[in-house]
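The values are calculated or read from the model by the stated rules, or taken from the named source; none is laboratory data. The shown structure was predicted, so the numbers you read here are calculated from the model rather than taken from an experiment. Glycine also receives a Cβ, built like all others from the backbone with ideal geometry; neighbour counts cover every protein chain displayed. Ligands, DNA and RNA are excluded from the accessible area calculation, which covers all protein heavy atoms including side chains. Shrake-Rupley method; radii C 1.70, N 1.55, O 1.52, S 1.80 Å.
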Amino acid sequence: MKRFVTQFSLLAILFLLISTCLPTTAAAASLTVSPKSVTLQVGQSKTVQAKASGMKKPVYVWKSSNPKVATVKNGKITAKAVGKATITVTVQKTKLKSTISVTVKPKKLNAQAAFKAVNPSVATIEMYDASDRLTSTGSGFVTKRGEVITNFHVVSGESNRYARIRFANGTEVETLKLKRFDDKLDLAILDVPSLQSIPTLPVAKAGSTGSVIYALGSPRGVSNTITEGILSNRDVYLDGLSYLQYTASTTFGNSGGPLVDEFGRVIGVVTRILTDSQNMNYAVPIQQLDAMQYGRETIANVQEPSSGSDVIPAVSGEGETAEQELNDSFDDADVIRFASGHLSGAVQHQDDVDTYYFRTERRMTLSMVGGWSNNQNGVHWAYGLFDANGDSIRYSEEFMDEGRYYEALDLVIPPGEYFIVAFPISGLARSEYVRQPYAIYYELK
């Protein structure tokens with residue numbers, strides 16, 4: 001009996017010694033992280049806490065499933081690009097593991113940051129005829145290699161043959177071709193070289209009404225501009241088509257430029273403005289690019305005819321008409337295709353006369369207002385409306401607003417063919433008439 005007790009005591013002592021020397025088992029330890037999910041904007045960082053219980057001096061190992069979206073170092077997660085990633089943390093020399101889900105959203109941009117991000121992808125588009133004369137200007141942008149998006153009315157004109165496309169970094173290319181186009185949607189994609197030096201812009205559906213937007217482009221040929229506003233209505237129908245209505249200031253030359261959201265993503269193509277309203281501007285939703293009807297074509301083959309009243313369509317829609325010299329006579333008149341918009345040109349000398357032609361199919365009210373860009377010292381330029389035989393109907397009348405002089409004309413006209421003639425008025429030195437730009441805003445309704 002005594003021997004049995006002694007043996008039992010020895011076994012008990014041995015068991016206690018073994019139990020004391022054994023390390024903590026993985027089953028007895030646990031690993032927790034906080035928080036379990038993280039949402040960041042691009043560029044933001046957040047540190048996640050990991051805690052292993054039941055262990056002394058645990059060594060944590062961190063890893064990201066997608067370092068292009070989010071990286072991690074010692075628990076600090078840094079958002080790199082829009083997307084999703086999973087962060088895994090393990091304890092060295094154990095099977096303990098836990099995960100954190102990461103969602104990275106785009107970073108909200110103020111106007112300065114939006115311009116820096118978007119402008120390198122925005123182009124000034126100059127249209128030229130077969131004689132290499134500049135006919136009009138517009139805007140465009142890149143979302144895919146080898147494609148510059150713009151409006152159809154920017155490239156169509158009356159005698160355009162090719163487009164010259166210029167970017168902020170000095171890159172300049174020319175093209176004779178369209179990849180796709182649609183006159184009803186007023187969209188066109190210019191076929192250009194791959195443009196490896198030009199970044200592409202992301203696209204997105206428009207946000208909610210009231211969200212911040214930016215419009216970039218080349219108003220009146222002035223490159224590298226940005227204006228800020230809000231999306232005043234994300235779904236407006238005009239002439240049976242859906243548009244985005246916005247308040248950012250845009251004018252002629254902005255046509256074809258990108259409308260972007262506060263994250264720098266393209267949501268629309270700047271297309272229309274209502275000249276008789278304040279900040280009622282419209283863009284074609286970017287998703288309409290997938291709905292264009294027509295495939296490859298040359299720019300020259302999509303031009304509207306420029307002579308013959310039986311083939312010139314009656315005015316409709318809205319757009320810009322830039323004068324194309326020579327247009328001093330009724331036979332050489334520039335064709336106005338739009339029911340509202342503006343005429344732009346320049347007086348080249350004291351005897352320079354510019355003529356424009358349009359046709360209506362119903363009784364309409366014509367309202368016009370225009371002037372020289374430099375017109376503080378009195379009006380030395382005017383315009384008049386003439387009938388199809390070249391007989392005068394009415395001349396513009398002078399008025400002054402905030403120290404500047406303008407010419408206005410307002411009357412009802414029956415269906416028919418008409419000419420608008422712009423001309424200088426004597427009274428200045430001959431040198432004062434050289435290269436004086438003018439603009440006429442008009443509406444037929």
Select from region 96-110 the residues that are in a strand (DSSP E or B) and within 13 Å of residue 33 (Cβ to Cβ) and write down the one among them that is nearest to the chain's Cα centre (by Cα). 102
Considering only region 361-380, I want to know if a residue exists there that is closer than 21 Å to residue 138 by Cβ, surrounded by 19 or more Cβ atoms within 10 Å (Cβ to Cβ) and hydroxyl-bearing (Ser, Thr, Tyr). no
Residue ID - nearest to the chain's Cα centre (by Cα), chosen from residues in region 329-348 that are outside any strand (DSSP E or B) and at pLDDT 85 or above: 338
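Residue by residue, here is whether (1) surrounded by fewer than 18 Cβ atoms within 10 Å (Cβ to Cβ); (2) within 25 Å of residue 273 (Cα to Cα) holds:
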{"position": "405", "(1), (2)": "yes, yes"}
{"position": "411", "(1), (2)": "yes, yes"}
{"position": "414", "(1), (2)": "yes, no"}
{"position": "418", "(1), (2)": "no, yes"}
{"position": "422", "(1), (2)": "no, yes"}
{"position": "428", "(1), (2)": "yes, no"}
{"position": "432", "(1), (2)": "yes, no"}
{"position": "442", "(1), (2)": "no, yes"}
{"position": "445", "(1), (2)": "yes, yes"}
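Going residue by residue through region 111-124, is there one that turns out to be surrounded by 15 or more Cβ atoms within 10 Å (Cβ to Cβ) and either more than 20 Å from the chain's Cα centre (by Cα) or over 24 Å from residue 42 (Cβ atoms) (or both)?
Filtering region 111-124 for residues surrounded by 15 or more Cβ atoms within 10 Å (Cβ to Cβ) gives 114-115, 117-124.
Filter once more, keeping what is either more than 20 Å from the chain's Cα centre (by Cα) or over 24 Å from residue 42 (Cβ atoms) (or both): 123-124.
Looking through region 111-124, at least one residue is surrounded by 15 or more Cβ atoms within 10 Å (Cβ to Cβ) and either more than 20 Å from the chain's Cα centre (by Cα) or over 24 Å from residue 42 (Cβ atoms) (or both).
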Here's a check for you: in region 266-293, which residue that is in a strand (DSSP E or B) and at pLDDT below 90 is surrounded by the fewest Cβ atoms within 10 Å (Cβ to Cβ)? 273
Does region 78-95 contain at least one residue that is of a type outside the set (A, V, I, L, M, F, W, C), assigned to a loop (DSSP other than H, G, I, E, B) and closer than 30 Å to residue 117 by Cα? yes
Could you tell me whether residue 204 is surrounded by fewer than 19 Cβ atoms within 10 Å (Cβ to Cβ), more than 30 Å from residue 129 (Cα to Cα) and either under 12 Å from the mean Cα position of the chain (by Cα) or among the hydroxyl-bearing types (Ser, Thr, Tyr) (or both)? yes
Filtering strands (runs of 3 or more DSSP E) wholly in region 382-425 for at least 2 residues that are closer than 15 Å to residue 365 by Cβ gives 392-395, 404-413, 416-424
Any idea which of (1) of a type in the set (Phe, Trp, Tyr); (2) buried (at least 22 other Cβ atoms within 10 Å of the Cβ); (3) under 30 Å from residue 417 (Cβ atoms) is the one residue 246 doesn't satisfy? (3)
Residues of region 349-372 satisfying the condition of being over 23 Å from residue 158 (Cα atoms), among the charged types (D, E, K, R) and under 35 Å from the mean Cα position of the chain (by Cα): none
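Given the options 158, 174, 147, name the one that is among the acidic types (Asp, Glu), free of Cβ contacts under 8 Å to residues at least 40 places away in the same chain and open to solvent by 10 Å² or more (accessible area, probe 1.4 Å).
174
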